[in-house]
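The values are calculated or read from the model by the stated rules, or taken from the named source; none is laboratory data. Keep in mind that what you see is a predicted model, and the values were worked out from it rather than measured. Note that each Cβ is placed from the backbone with ideal geometry, even for glycine, and that neighbours are counted across all protein chains shown. Note: areas computed on protein heavy atoms with side chains; ligands, DNA, RNA excluded. Shrake-Rupley method; radii C 1.70, N 1.55, O 1.52, S 1.80 Å.
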Amino acid sequence: MFRNAVVFLVGFFFFMSNATARPCVDSDDNSCWTAKNYSRQTVDLNCTTTSWTLISIHSLAPGGLDSVQLDTGYGDGMGFPEPGVLVTCQAKLSSGEQAKLSFSSYGWGDRVEIRVEKNLLRATSTEYWLSRTVHTSTAQFNSNGT
């Protein structure tokens with residue numbers, strides 16, 4: 001009985017730590033990019049500018065969450081590119097279907113979430129320091145990645 005209680009408590013604390021875990025470690029969430037896979041396939045994801053790789057994730061499992069805390073020395077001094085920098089994100093599902101989207105960084109300290117959905121790649125960028133305005137870009141998955 002005692003063993004069952006210990007196993008239950010360890011499992012419960014493990015579940016709660018994962019359920020409440022923050023994706024990035026910085027206390028101010030500076031330069032936090034998250035990727036969530038809501039599709040039924042694994043996905044490879046890369047988001048780049050002309051000179052930097054911002055996020056690169058290989059084989060993100062279905063239901064998976066990953067995040068990247070960018071170096072705070074990059075761009076705006078908090079890890080995010082300056083306003084107006086073009087960001088291109090490419091995703092490839094395990095079936096070979098691809099999606100590509102581009103968006104510009106909007107303001108200082110933007111927070112970005114990339115979502116892989118059933119047939120859609122979605123990037124949501126939130127202007128953190130100024131108006132908290134949310135910008136969304138989407139692209140459909142297809143066999144040739146356009």
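Annotations
- Look at the stretch 129-143: where a residue is closer than 16 Å to residue 102 by Cβ and modelled with pLDDT under 85, no partner that is in a strand (DSSP E or B) and open to solvent by 70 Å² or more (accessible area, probe 1.4 Å) sits 6+ places away or on another chain with Cβ atoms under 9 Å.
- Applying the condition of being assigned to a strand (DSSP E or B) and at pLDDT 85 or above to the stretch 118-128 and asking which residue is most open to solvent (accessible area, probe 1.4 Å) yields 122.
- Count of the stretch 15-74 residues which are open to solvent by 70 Å² or more (accessible area, probe 1.4 Å), at pLDDT 95 or above and of a type in the set (A, V, I, L, M, F, W, C): 0
- Qualifying residue in the stretch 97-117 (condition: within 18 Å of residue 56 (Cα to Cα), in a loop (DSSP other than H, G, I, E, B), modelled with pLDDT of 95 or more and open to solvent by 40 Å² or more (accessible area, probe 1.4 Å)): yes
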